[in-house]
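Colleague: Before we start, here is the structure in question, set down as structure tokens.
The values are calculated or read from the model by the stated rules, or taken from the named source; none is laboratory data. The structure displayed is predicted, hence computed values, not measured ones. Note: ideal-geometry Cβ built from the backbone for every residue, glycine included; neighbour counts use all protein chains shown.
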Amino acid sequence: MVVFQDTPRPGFDVPECLVRHFRNVGECSFPKRSAVDESFAARERNALDHLDRATYLTLNDHICPGGACPAMADGLVRYEDEHHISKQFSESLAPVLSVELARVPRSSLVGRALAGRGSQ
């Protein structure tokens, strides 16, 4: 089982902010430290410590490099609202996700669907 840490929450509608600040989209960036609930993440990690074959992953360092979360980068609007990352941005994270999943122990990735195939 793989559990992902929640993505940073800007706390405001990102596209709306980008429209208001189209000449300076940097105005819509926000700090990672205020957008991530680290105490909740710690509780999630603690709960997973008690489960076999469980891995906790986060892409938040890629979403907010250097501690700043850009609302727009590389021509991509990163959020579709006040919390959800955009489809285009999520697709751009696929290579990073692939690398992170390659590091996950195989036992965490084999779930019931795959384990049950041998009994058919």
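Colleague: Tell me yes or no: at least one residue of the range 49-57 is under 12 Å from the mean Cα position of the chain (by Cα) and small (Gly, Ala, Ser).
Modeller: Within the range 49-57 (the criterion being under 12 Å from the mean Cα position of the chain (by Cα) and small (Gly, Ala, Ser)), the answer is no, since none of the residues qualifies.
Colleague: If residue 19 satisfies every condition in (1) surrounded by 12 or more Cβ atoms within 10 Å (Cβ to Cβ); (2) outside any loop (DSSP other than H, G, I, E, B); (3) among the β-branched types (Val, Ile, Thr) but one, which is the exception?
Modeller: (1)
Colleague: Can you name the residue in the range 63-98 that is polar (S, T, N, Q) and out of contact with any strand residue (DSSP E or B) (no Cβ under 9 Å at 6 or more places or on another chain) and, of all such residues, is nearest to residue 6 (Cα to Cα)?
Modeller: 90
Colleague: Can you name the residue in the range 24-79 that is surrounded by 15 or more Cβ atoms within 10 Å (Cβ to Cβ) and among the aromatic types (Phe, Trp, Tyr) and, of all such residues, is farthest from residue 94 (Cα to Cα)?
Modeller: The residue in question is 30.
Colleague: Also: Every residue in the range 1-16 that is of a type outside the set (D, E, K, R) and assigned to a helix (DSSP H, G or I), please.
Modeller: The answer is 14, 15.
Colleague: Collect the residues in the range 5-53 that are within 30 Å of residue 105 (Cβ to Cβ), without any contact (Cβ under 8 Å) to a residue 24 or more places away in the chain and aliphatic (A, V, I, L, M), keeping them in residue-number order.
Modeller: 42, 47
Colleague: Consider residue 9 carefully, then state whether it is in contact with a His (Cβ under 7 Å, 6 or more places away or on another chain) and either over 24 Å from residue 99 (Cα atoms) or modelled with pLDDT of 95 or more (or both).
Modeller: Judged against the criteria, residue 9 is a match.
Colleague: Sticking with this structure for a sec: Residues in the range 63-76: is at least one within 30 Å of residue 107 (Cα to Cα), part of a helix (DSSP H, G or I), β-branched (Val, Ile, Thr) and under 12 Å from the mean Cα position of the chain (by Cα)?
Modeller: Yes.
Colleague: Find the residue count for the range 24-62, including only residues that are aromatic (Phe, Trp, Tyr), closer than 11 Å to residue 5 by Cβ and not in a helix (DSSP H, G or I).
Modeller: So the count comes out to 1.
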